[in-house]
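One structure is given below, encoded as structure tokens.
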């Protein structure tokens, strides 16, 4: 078994293969010359302090699992006729089954002088520049951009966020949830500019905005999404999804070649609730690793896990289960402590999403129960869903006792 990509998905997959009973050789290929590490802390704990990136599993664990780890070498081609992976240094690695967990790269802007955050090296280089008093311009008001803004603010920087859309987190959460996040950034002193684009970055970090204004910045960093790494698959003639822009796989995460699977940020896949989607999320990478590893060993299991996302900014914890933009109506549950959970329902009443923001762990339990309700294909009564005196556990019990439609 050969796995390309040593991020969350690829590194988890090699251990899942062992847990599933595979005793043959496993090779893990990573383009970065470091051991597998978690990416979520890069925009948070790694930027705000002196923390090192957290390993997915350390070198000892890889050795104990008898995994050959090839680091610092990119895969350049797949010889499908001979079932061999070709590395950039000319080496060829034979495979019985191949898993592509190549992830995604930061979307680049046609602007000079902009930094990006995707890798350990990016985070460490950026951290050195986020000194107290530094003027930081963040392009993009999505999860990464806002986590960058919060971390830079915590380091004593003066931060401006520039977002082209009318509001922050425009494609990720309901407007009311985004408003809570925006207010918290403004309370922290961040200058939030929505409905504003960046026309150019002049010499010495001067941001020229589409409004005609200019911002003097010591650091300019962009968080404007990611582009799936599909070149290896495309060059090998595998099917590529031209809409979601990922390696196209079926619900078993199998590509158009039955011996090659793809998982994580690099692939688009069919979901029973949301249709064909591509996700950029830690949880999805982890869940895909489990499904892919089992199916590499012919388990023939469909991937049906409910998407889940989180973001920590200041003292706020934002969590989303499902996909809010799939819903056609909304139900709001407001607890006595003021925390709101916004549930999204489909046209037939099926629960499709839940989003909430609060301090500490205030929202974790409700969103976790909502995730379980979504997985159960629940069609809860909207009035009961809105009533904080009706326990979500009771709705879950009712959903599990209701026969699912064929």
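The values are calculated or read from the model by the stated rules, or taken from the named source; none is laboratory data. These numbers were taken from a predicted model, which means no experiment stands behind them. Glycine also receives a Cβ, built like all others from the backbone with ideal geometry; neighbour counts cover every protein chain displayed.
For residue 35, work out the one condition from (1) under 25 Å from the mean Cα position of the chain (by Cα); (2) touching a residue at least 40 places away in the same chain (Cβ under 8 Å); (3) crowded, with 16+ Cβ neighbours inside 10 Å; (4) assigned to a loop (DSSP other than H, G, I, E, B) it doesn't fulfil.
With (1) under 25 Å from the mean Cα position of the chain (by Cα); (2) touching a residue at least 40 places away in the same chain (Cβ under 8 Å); (3) crowded, with 16+ Cβ neighbours inside 10 Å; (4) assigned to a loop (DSSP other than H, G, I, E, B) applied to residue 35, the lone miss is (2).
Conditions: (1) crowded, with 21+ Cβ neighbours inside 10 Å; (2) without any contact (Cβ under 8 Å) to a residue 24 or more places away in the chain. Residue 192 meets all but one. Number of the miss?
(2)
Consider residue 179 against the criteria (1) over 19 Å from residue 135 (Cβ atoms); (2) surrounded by 14 or more Cβ atoms within 10 Å (Cβ to Cβ); (3) touching a strand residue (DSSP E or B) at 6+ places or on another chain (Cβ under 8 Å): it satisfies all of them except one. Which criterion is unmet?
Of everything listed in (1) over 19 Å from residue 135 (Cβ atoms); (2) surrounded by 14 or more Cβ atoms within 10 Å (Cβ to Cβ); (3) touching a strand residue (DSSP E or B) at 6+ places or on another chain (Cβ under 8 Å), residue 179 misses just condition (3).
Of all residues in the range 8-27, which are buried (at least 24 other Cβ atoms within 10 Å of the Cβ) and touching a helix residue (DSSP H, G or I) at 6+ places or on another chain (Cβ under 7 Å)?
Of the range 8-27, the ones buried (at least 24 other Cβ atoms within 10 Å of the Cβ) are 8-14, 17.
Scanning the range 8-27 gives 8, 9, 12, 13, 17.
Conditions tested, residue by residue: (1) in a strand (DSSP E or B); (2) in the same structural domain as residue 330 (by TED's automatic domain parsing); (3) in contact with a helix residue (DSSP H, G or I) (Cβ under 6 Å, 6 or more places away or on another chain); (4) surrounded by 15 or more Cβ atoms within 10 Å (Cβ to Cβ).
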site	(1), (2), (3), (4)
358	yes, yes, no, yes
362	no, yes, no, yes
365	no, yes, no, no
369	no, yes, yes, yes
372	no, yes, yes, yes
378	no, yes, yes, yes
390	no, yes, yes, yes
393	no, yes, no, no
397	no, yes, no, no
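Is it the case that some residue within the range 315-337 is in a helix (DSSP H, G or I), at pLDDT 95 or above, in contact with a strand residue (DSSP E or B) (Cβ under 8 Å, 6 or more places away or on another chain) and under 30 Å from residue 23 (Cβ atoms)?
no
Identify, from the list 99, 126, the residue that is touching a helix residue (DSSP H, G or I) at 6+ places or on another chain (Cβ under 9 Å), buried (at least 18 other Cβ atoms within 10 Å of the Cβ) and in the same structural domain as residue 240 (by TED's automatic domain parsing). First the steps, then the outcome.
On the way: 126 fails: in the same structural domain as residue 240 (by TED's automatic domain parsing).
Answer to the selection: 99.
Does residue 171 fit the bill of being in contact with a helix residue (DSSP H, G or I) (Cβ under 7 Å, 6 or more places away or on another chain), outside any strand (DSSP E or B) and surrounded by fewer than 19 Cβ atoms within 10 Å (Cβ to Cβ)? Write out each step before concluding.
Working: in contact with a helix residue (DSSP H, G or I) (Cβ under 7 Å, 6 or more places away or on another chain): yes; outside any strand (DSSP E or B): yes; surrounded by fewer than 19 Cβ atoms within 10 Å (Cβ to Cβ): yes.
Here the answer is yes, as residue 171 does meet what is asked.
Can you list the strands (runs of 3 or more DSSP E) lying wholly within the range 211-307 that have 3 or more residues being touching a residue at least 12 places away in the same chain (Cβ under 8 Å), buried (at least 17 other Cβ atoms within 10 Å of the Cβ) and touching a strand residue (DSSP E or B) at 6+ places or on another chain (Cβ under 7 Å)? Please lay out each step first, then the result.
Details: elements: 214-216, 219-222, 226-228, 246-248, 260-262, 267-271, 275-277.
Those strands (runs of 3 or more DSSP E) span 219-222, 246-248, 260-262, 267-271.
Assess whether residue 352 counts as being within 19 Å of residue 307 (Cα to Cα), outside the structural domain of residue 178 (by TED's automatic domain parsing), in a helix (DSSP H, G or I) and modelled with pLDDT of 95 or more.
no
Where in the range 50-141 are there strands (runs of 3 or more DSSP E), lying fully within it, with 3 or more residues that are over 20 Å from the mean Cα position of the chain (by Cα)?
Per the criteria, 67-71, 75-79, 84-87, 92-94, 135-139.
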